[in-house]
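The values are calculated or read from the model by the stated rules, or taken from the named source; none is laboratory data. Everything numeric in this text was worked out from a predicted model, so none of it was measured. Ideal geometry is used to build each Cβ from the backbone, glycine not excepted, and the neighbour counts take in all protein chains shown. Each accessible area value is taken on the protein alone, full model and side chains, heavy atoms only, with ligands, DNA and RNA left out. Shrake-Rupley method; radii C 1.70, N 1.55, O 1.52, S 1.80 Å.
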Amino acid sequence: MGSVRKLYNEGKQVLSCEIYPPKKEDEFVNIYSKLDSLASLNLDFVSVTYGAGGSNAGKAVEIADYAKNKAGLEVVSHITSVGFTKEKLEEGLDKFKAIGIDNILVLRGDRPKIMTDDEFNSRDFIHASDMAKFIKDKGMDFTLLGACYPHKHPEAISEEDDVRNTKIKVENGCEVLISQLFFDNEYFRRLREKLLKIGVTVPISAGIMPITSAKQLGTTVTLSGTTVPEELSEIIAKYGDKPEEMKKYGIDYAIRQALELKQEGVDGLHFYIMNKPDLAEAMINAVR
Ligand code: FAD
């Protein structure tokens, strides 16, 4: 079994990238050549996202299948429970198992706009940890991963509460955590210390996103609730309307973030590359 948990035991820093199924059909064709490019970088794994409510379920399976069985990459498939009954979840997981996927990132997902209050409140799985427990109780043979949040999850009452909830994920079967992206390493360090303090010792990969445009930064901050350090704001102010320079300095910022964490002995670095292999290449080459 290709459990990614074992990679973290080998004492090296695990390098991974996130890929998402493109929304437009014409972009979908390119995703395969992008996966081939990623394969040439000797990544430890790619993770493939999943739409909340299963909106792109078929495509996520197709991409995971190509990544694993054609490009030869190790794969972590994301799965979001928000739109799933227990039966549907089992069906979904069977599809991943059938194509040889051994690693699942369990996520709640965000509430789809069309979901009514009644539907949202009567779900089979309220939290990602409930889904982790279900999968483990059923004896399904997957290595489970979970998400964690350096700036706390936006819905969490407090950082302490969010950290305790992350611990439940681990107690229910998640063997590795991948963090939400952040631009200030101090938030990641704080989260790691807080988790350690309450006995969470599983490996944590740090989520790093190279920012290559002012628009991307705006969307990212809105979606993730991440704060922007002064240095990055200055880069945007100076180069926001100069695409080439913006890309260069944005990548440079992310590289410095990654190198600092590498030197501190981070368990893994997970790059949010917006489906752009050139960003993966720049990051991987810099940290290797
Ligand atoms: P949960 O762990 O359920 O947490 C949600 C909230 O509930 C938090 O505030 C938490 O503190 C609280 N909570 C958790 N457990 C408990 C408990 N037992 N009791 C009480 N409160 C609890 N979204 C997608 O749609 N598709 C993706 O592929 C995807 N990939 C992602 C990958 C990563 C690495 C990350 C960090 C996020 C990803 N997301 C994805 C976004 C994610 O779905 C959202 O952040 C979502 O709002 C929360 O998901 P979660 O699994 O962290 O939820």
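Among the residues of the range 37-56, those that are of a type in the set (A, V, I, L, M, F, W, C) and either assigned to a helix (DSSP H, G or I) or over 17 Å from the mean Cα position of the chain (by Cα) (or both) comprise Leu38, Ala39, Leu41, Ala52.
Condition check: at pLDDT 95 or above, surrounded by fewer than 19 Cβ atoms within 10 Å (Cβ to Cβ) and under 30 Å from Val29 (Cβ atoms). Does Lys138 satisfy that? Step through it out loud before you land on a result.
Numbers: at pLDDT 95 or above: yes; surrounded by fewer than 19 Cβ atoms within 10 Å (Cβ to Cβ): yes; under 30 Å from Val29 (Cβ atoms): no.
Answer is no for this residue.
Would you point out which residue out of Glu193, Glu186, Glu175 is open to solvent by 10 Å² or more (accessible area, probe 1.4 Å), more than 11 Å from the ligand (Cβ to nearest atom), of a type in the set (D, E, K, R) and within 17 Å of the chain's Cα centre (by Cα)?
Working: Glu193 fails: within 17 Å of the chain's Cα centre (by Cα); Glu186 fails: within 17 Å of the chain's Cα centre (by Cα).
Answer to the selection: Glu175.
If the condition is being without any contact (Cβ under 8 Å) to a residue 40 or more places away in the chain and in contact with a strand residue (DSSP E or B) (Cβ under 7 Å, 6 or more places away or on another chain), then the range 221-237 contributes no residue at all. Considering only the range 86-103, I want to know if a residue exists there that is part of a loop (DSSP other than H, G, I, E, B), touching a strand residue (DSSP E or B) at 6+ places or on another chain (Cβ under 8 Å) and farther than 23 Å from Thr166 by Cβ. Yes, the range 86-103 contains at least one residue that is part of a loop (DSSP other than H, G, I, E, B), touching a strand residue (DSSP E or B) at 6+ places or on another chain (Cβ under 8 Å) and farther than 23 Å from Thr166 by Cβ. In the range 69-85, the condition of being open to solvent by less than 30 Å² (accessible area, probe 1.4 Å), within 13 Å of the ligand (Cβ to nearest atom) and of a type in the set (Phe, Trp, Tyr) is met by at least one residue. When Lys59, Lys34 are checked against the criterion of being part of a helix (DSSP H, G or I), surrounded by 15 or more Cβ atoms within 10 Å (Cβ to Cβ) and away from the ligand (no atom under 16 Å from the Cβ), Lys34 stands alone in meeting it.
Would a scan of the range 116-134 turn up a residue that is on the phi > 0 side of the Ramachandran plot and not acidic (Asp, Glu)? No, the range 116-134 has no match at all. The one condition from (1) within 15 Å of Leu145 (Cα to Cα); (2) open to solvent by 10 Å² or more (accessible area, probe 1.4 Å); (3) more than 12 Å from the ligand (Cβ to nearest atom) that Val14 does not meet is (2).
For beta carbons closer than 8 Å, sequence separation of 6+ or different chains, a first residue in the range 155-170 that is within 12 Å of Leu145 (Cα to Cα) and a second that is within 6 Å of the ligand (Cβ to nearest atom) and open to solvent by less than 40 Å² (accessible area, probe 1.4 Å), the qualifying pairs are Lys169/Ala128; Lys169/Ser129.
Quick one: in the range 120-134, of everything that is within 11 Å of the ligand (Cβ to nearest atom), assigned to a loop (DSSP other than H, G, I, E, B) and open to solvent by 10 Å² or more (accessible area, probe 1.4 Å), which residue is farthest from Ile104 (Cα to Cα)?
Arg123
Just need a number here: residues in the range 157-209 that are in contact with a strand residue (DSSP E or B) (Cβ under 6 Å, 6 or more places away or on another chain) and either at pLDDT below 95 or small (Gly, Ala, Ser) (or both). Qualifying residue count, the range 157-209: 5. If the condition is being basic (Lys, Arg) and either in contact with a strand residue (DSSP E or B) (Cβ under 8 Å, 6 or more places away or on another chain) or surrounded by 18 or more Cβ atoms within 10 Å (Cβ to Cβ) (or both), then the range 238-269 contributes Lys247, Lys262.
Can you find even one residue in the range 106-115 that is of a type in the set (A, V, I, L, M), under 19 Å from Pro22 (Cβ atoms) and more than 14 Å from the ligand (Cβ to nearest atom)? Explain how you work it out, then say what you get.
Quick first cut of the range 106-115, residues of a type in the set (A, V, I, L, M) only: 106-107, 114-115.
If we keep only those that are under 19 Å from Pro22 (Cβ atoms) as well, we get none.
Taking every residue of the range 106-115 in turn, none turns out to be of a type in the set (A, V, I, L, M), under 19 Å from Pro22 (Cβ atoms) and more than 14 Å from the ligand (Cβ to nearest atom).
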